[in-house]
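The values are calculated or read from the model by the stated rules, or taken from the named source; none is laboratory data. Please read these numbers as outputs of a predicted model, since none were measured by experiment. Every residue, glycine as well, gets a Cβ built from its backbone with ideal geometry; the counts of neighbours run over all protein chains shown. Note: areas computed on protein heavy atoms with side chains; ligands, DNA, RNA excluded. Shrake-Rupley method; radii C 1.70, N 1.55, O 1.52, S 1.80 Å.
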Amino acid sequence: MYVPAPFENLNKTTLSHSTQARHRCELARASTITGTQTPGSSGHSMSADFAILSESTLHDRYLRVESRLVRYPDGREVAFDIVGHPKNEHHFVVVFVYFTARRSAVLLREFAQAALPQRGSLANLPTGGFDPRKHASRAEAARAELSEEAQLRGGEWVCLLPPDHPGVLEAKWCRNRFTPFLCIDPEPDPAHGALDAEEHLTAQEVPLQAVLSAMHGGDMLLPAVHTCSCALAWLRQHRRVVDSPLAPPGGCEGGRGRGFTVRRLSRASDASLYGRCLGLRASLLWPRESPPPS
């Protein structure tokens, strides 16, 4: 399990006295809004400060939209639209795959229905809902998604959240939460699961530079960005990867580029999953004259 350093310890010595004072004022103001406590203060917990007064269903199909009435600490009552996926108990899993020998990872290029009309697909990781009818645990759901979307199985597994964590909230107006996982050195799954009917995606094994480019270039879905960040931090912390490349400027661009090498995951004939490359900048992948590390 990767545990990041406390935020208050980051770059503390680089702040001027005036900047530190402004940050203290902002932190105090934020604690008044959220109910969190600053050192030496006496505040209330979030559950005591904010109360759900009522909930009702407005729409229910693949997603459920609920009207939630909330009472604020100052007595205000505000109604919100809250979105979630109750069939999956409002929980899904995301998997970062890392291959040690080649220092590479797996990226999906997946159709994202809400991304239209600007673009049709975005970079993603193997992702799917926890279905209590099929999965005994979130870890089992993660293994199932790896089989279905990347056609991989096995490997060393790491949950990137503490055991008692409820999951990372997908958005402040969404009840869905997700658990990020890291899978190290899985193998091809000859009996892989099938994709869902609405899914349209391709998977590729790519160098870490391509992952960082997609993360920092605005080309990746946010749960995948968070999972990549946690997984790469865990790998560095446990010395599974050294001299990790920094994301080069310019982010991620579409287009074919000047030529690069991408390792495919398994059967080249399986065009449904491995038919095309991700369209990342050629300069962010291995050039032809510089083969991937073995």
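Within segment 84-110, count every residue that is among the hydrophobic types (A, V, I, L, M, F, W, C), open to solvent by 20 Å² or more (accessible area, probe 1.4 Å) and either at positive phi or within 16 Å of the chain's Cα centre (by Cα) (or both).
1
Could you list, in sequence order, the residues of segment 181-199 that are open to solvent by less than 80 Å² (accessible area, probe 1.4 Å) and either under 15 Å from E149 (Cβ atoms) or of a type in the set (S, T, Y) (or both)?
F181, C183, P186, P188, D189, H192, G193, A194, L195, D196, E199
Out of L232, L169, which single residue is within 13 Å of the chain's Cα centre (by Cα) and in a strand (DSSP E or B)?
Values: L232 fails: in a strand (DSSP E or B).
L169 is the lone residue from the list that is within 13 Å of the chain's Cα centre (by Cα) and in a strand (DSSP E or B).
I'd like the full set of residues that are open to solvent by less than 50 Å² (accessible area, probe 1.4 Å) and under 17 Å from D49 (Cα atoms), limited to segment 70-83.
Within segment 70-83, the subset open to solvent by less than 50 Å² (accessible area, probe 1.4 Å) is 70, 75, 78, 82-83.
V70, G75, V78, listed by residue number.
Taking the stated definitions as given, is A171 farther than 22 Å from W234 by Cβ and open to solvent by 20 Å² or more (accessible area, probe 1.4 Å)?
On the way: farther than 22 Å from W234 by Cβ: yes; open to solvent by 20 Å² or more (accessible area, probe 1.4 Å): yes.
Here the answer is yes, as A171 does meet what is asked.
Let me confirm something: among R138, R133, which residue is of a type in the set (K, R) and either in contact with a strand residue (DSSP E or B) (Cβ under 7 Å, 6 or more places away or on another chain) or crowded, with 18+ Cβ neighbours inside 10 Å (or both)? Spell out how you get there, then give the answer.
On the way: R133 fails: either in contact with a strand residue (DSSP E or B) (Cβ under 7 Å, 6 or more places away or on another chain) or crowded, with 18+ Cβ neighbours inside 10 Å (or both).
Every option except R138 fails the conditions.
Would you mind finding the one in S67, S41 that is polar (S, T, N, Q) and at pLDDT 95 or above?
Values: S41 fails: at pLDDT 95 or above.
Only one candidate qualifies: S67.
Any residue at all in segment 212-219 that is of a type in the set (D, E, K, R), open to solvent by less than 10 Å² (accessible area, probe 1.4 Å), farther than 26 Å from A101 by Cα and touching a Ser or Thr at 6+ places or on another chain (Cβ under 9 Å)? First the steps, then the outcome.
Of segment 212-219, the ones of a type in the set (D, E, K, R) are 219.
Retained after the next criterion (residues that are open to solvent by less than 10 Å² (accessible area, probe 1.4 Å)): 219.
So of that shortlist, the ones also farther than 26 Å from A101 by Cα come out as 219.
Filter once more, so that each one left must be touching a Ser or Thr at 6+ places or on another chain (Cβ under 9 Å): 219.
Yes: segment 212-219 contains one or more residues that are of a type in the set (D, E, K, R), open to solvent by less than 10 Å² (accessible area, probe 1.4 Å), farther than 26 Å from A101 by Cα and touching a Ser or Thr at 6+ places or on another chain (Cβ under 9 Å).
Take segment 193-218 and flag every residue that is out of contact with any strand residue (DSSP E or B) (no Cβ under 7 Å at 6 or more places or on another chain), touching a residue at least 24 places away in the same chain (Cβ under 8 Å) and either aliphatic (A, V, I, L, M) or over 30 Å from R64 (Cα atoms) (or both).
Once the filter is applied, which keeps residues that are out of contact with any strand residue (DSSP E or B) (no Cβ under 7 Å at 6 or more places or on another chain), touching a residue at least 24 places away in the same chain (Cβ under 8 Å) and either aliphatic (A, V, I, L, M) or over 30 Å from R64 (Cα atoms) (or both), segment 193-218 yields A194, L195, Q209, L212, S213, M215, H216, G217.
Condition check ((1) at pLDDT 95 or above; (2) hydrophobic (A, V, I, L, M, F, W, C)) across all residues:
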{"site": "T179", "(1), (2)": "yes, no"}
{"site": "V206", "(1), (2)": "yes, yes"}
{"site": "T227", "(1), (2)": "yes, no"}
{"site": "D243", "(1), (2)": "no, no"}
{"site": "L246", "(1), (2)": "no, yes"}
{"site": "G254", "(1), (2)": "no, no"}
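Looking at segment 142-162, can you tell me whether even one residue there is part of a loop (DSSP other than H, G, I, E, B), open to solvent by 10 Å² or more (accessible area, probe 1.4 Å) and free of Cβ contacts under 8 Å to residues at least 24 places away in the same chain?
Scanning segment 142-162 turns up no residue that is part of a loop (DSSP other than H, G, I, E, B), open to solvent by 10 Å² or more (accessible area, probe 1.4 Å) and free of Cβ contacts under 8 Å to residues at least 24 places away in the same chain.
Would you tally the residues in segment 114-130 being open to solvent by less than 70 Å² (accessible area, probe 1.4 Å) and either part of a loop (DSSP other than H, G, I, E, B) or touching a Phe, Trp or Tyr at 6+ places or on another chain (Cβ under 9 Å) (or both)? Break it down stepwise before answering.
Residues of segment 114-130 that are open to solvent by less than 70 Å² (accessible area, probe 1.4 Å), as a first pass: 115, 120-130.
Filter again for either part of a loop (DSSP other than H, G, I, E, B) or touching a Phe, Trp or Tyr at 6+ places or on another chain (Cβ under 9 Å) (or both), leaving 120-122, 125-130.
So the answer is 9.
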